[in-house]
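Heads up: the structure comes next, in structure tokens.
The values are calculated or read from the model by the stated rules, or taken from the named source; none is laboratory data. Since the structure is predicted, the reported quantities are computational estimates derived from the model, not experimental observations. Cβ sites come from the backbone with ideal geometry, for glycine too, and all protein chains shown count toward neighbours. Heavy atoms of the whole protein, side chains included, go into the accessibility calculation; ligands, DNA and RNA do not. Shrake-Rupley method; radii C 1.70, N 1.55, O 1.52, S 1.80 Å.
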Amino acid sequence: MTPRPASPTGPAAPRPPDAPDVSALLGDWVNTDQGSSKGALRLNVTWHEKGLFVRAFGTGGPQPRDWGEVSAVVYTAPGTPSTAWSFSAIYNFGSLRTVLCAYHKTGILVATTSSIFSDDGGGADHWARSFFHRAEGRV
């Protein structure tokens, strides 16, 4: 098995030999627009023995709301099956379902969130695009 670089949260879990390299996606990511009222403000992307996981933090007061950690589906770019460049993750908050999709491009993580309410009283469904940079001092 090929080990991946250590994550900021601890030692690396080995990556199965047939799994794409996810190292470009890993780490703590911060939204470039901290005043955003929709979508995630911070993402923590890690690799565990069972795959890629994403912990998202959204708007909330006084601290960002922890959406929790969920497993993510990893995608590769056409022609580069050995390198992961994007992922998707689904968060279920009762009557609200949020799909987070992100891709890595030149050191930036571009993410979209699609939030859908399952009942009429929850509010308007919405979509947001955000740009994330790596948190300073973290790899």
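Order of 76-85, 21-30 by packing, highest average Cβ count within 10 Å first? Could the numbers behind the result be given before it?
On the way: 76-85: 12.6, 21-30: 20.7.
Those peptides, ordered most packed to least, come out 21-30, 76-85.
With a 1.4 Å probe and every protein chain kept in, tell me what percent of the accessible surface of segment 53-139 is carbon plus sulfur.
Numbers: 2800 of 5120 Å².
Here it works out to 55 percent.
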